1. Can you compute the label reach from residue A:16? Point 7 Å from Cα along the Cβ direction, backbone N cut-off under 11 Å, restricted to the range A:157-191.
2. How many Cβ atoms of partner chains, on average, are near each residue of A:88-100 if near means within 10 Å of its Cβ?
3. Please compute the length gained on full extension between residue A:203 and residue A:259, using 0.36 nm multiplied by the number of residues separating them and subtracting their Cα-Cα distance.
4. On a full-extension model of 0.36 nm per residue, what is the gain between residue A:188 and residue A:165, subtracting their alpha-carbon distance, rounded to one decimal in nm?
5. Say R0 is 45 Å: what FRET efficiency, to the nearest 0.05, do residue A:156 and residue B:38 get from their beta-carbon distance?
6. What does the structure give for A:71-77 when I average, per residue, the other chain Cβ atoms found within 10 Å of the residue Cβ?
7. Could you work out how far helix A:32-46 tilts from the main Cα principal axis of chain A, as a 0 to 90 degree angle to the nearest 10?
8. For a Förster distance of 51 Å, can you work out the FRET efficiency between the beta-carbons of residue B:259 and residue A:35, rounded to the nearest 0.05?
């Protein structure tokens, strides 16, 4: 399954929501649990640029396809942040550049060392390390699609649900890129498969864990995936990851949820 | 709407608040393909010298992501206004490069990719490649100790890059007899002017009243490669860019402009960059068959 990067770049666009009736939030405001989950999602989307940084410090940025994808992906995620911030704004929750800066500064040294760690690892391991990034990215994007679709289904809100579906639709293209890159690279190299399996098993955590308070992570995971339907969704993600070359038997998403006492 | 570029409540002025990043992001310019009219080059192709310059400019625009990489490991990544700008800036530069690449690709005889250099120059490029791999490591350690002042350096660098590349676009538009290339360059320049508007506003605000940012900028700028991406280019091409395609009057004007920024007077940065490129090109073997325009 080849990913057509030119076609993706040419059709990459910011998510639109101006045609949705946001006045619906006045008559039918979102409950507190949903706003808290949206706040988390909004933060994660705006922080994509920080993940980008982690990806770029290793040799992956040299490749033309990766370069094009990262540029478009990053911008799409920024706009997801903007759209979600607008929903939150309708509920009196302000997410501006200063609030974002404050939350990034709170990460302090843990965050500052992240690119350093990545860069050293990436430069020692070289090419095969890109397979880890791509598989990791695929796991994250599969989770993101599932999370947006779950929230859309849970809320069935006339303004929120279509917006989340649109965001999820864009995320499916991100999945396609990461998964096709991961497959290609994992097929080629035994070392890449071993490294990736090790990294996913030992280090993978739900998207946003590194930039959020643990209780917020737990809230979002319970809210979206703490039911039978949620667990079924989680297992679908794990099944997708397990289908990547050399990743059979992995259940990293369900494991991460169980560690937090979330899974039903 | 409760969200603004500027802080809602009081406090110190936000650097560069006069430039609306939200508006910039909202009105980003994507693909230029529909306006390129590439068939114009079939009837009337560009000469090899012009083609070499267009190819060089496309590679320089392409280096955005590499720059982003060294910027994002520094405290600049925490500044959400900066990153919001850079996300859109990288996107727009992607499409600037794309447009220039397609103009080159519309010609049957394309300039070969840089090469044919002396052993010394090849060694220098190889050394750069090694340095590039470890640059984020050094940068993340050093700049995280320095803190927020490094943002000022990144903004001055961005401004210098724009002044230089815009001068090249401008001169090329003036000297080429090719109407379609002129139109294309005018369209691309309009995109680039917003980039320089952001960087200059930010740079001025961040340098003003901060002796620390000023002295950091003076120190680091001497070691910064401008235009961005030039460290990957052979000396013979850089010396053409800075010693002809961009005129010495342009270079002097850029240095004077930089002199006007708080604490940055007298650096002669681009004049020195041009001198260095000429010196290095002098050591490289002469390139035959490169006509001048």
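1. No residue passes the distance filter.
2. Numbers: counts 2, 3, 2, 0, 1, 1, 4, 3, 10, 16, 11, 3, 6.
Across the residues of A:88-100, the mean count of other-chain Cβ atoms within 10 Å is 5.
3. Numbers: separation 56, 0.36 × 56 = 20.16 nm, distance 1.28 nm.
Going from the current span to full extension adds 18.9 nm.
4. Numbers: separation 23, 0.36 × 23 = 8.28 nm, distance 3.48 nm.
Gain in length upon complete extension: 4.8 nm.
5. Values: r = 49 Å, r/R0 = 1.08.
Working from the Cβ atoms, E equals 0.40.
6. Details: counts 10, 4, 0, 8, 9, 2, 1.
Mean inter-chain Cβ contacts per residue within 10 Å come to 5.
7. That works out to roughly 40 degrees.
8. Details: r = 51 Å, r/R0 = 1.01.
For R0 = 51 Å, the calculated efficiency reads 0.50.
Every number in this text was worked out from the coordinates using simple rules, so none of it is lab data. Bear in mind the structure is a predicted one, so any value in this text is a computation, not a measurement. With ideal geometry, Cβ positions are generated from the backbone for all residues, glycine too; neighbour counts draw on all protein chains shown.
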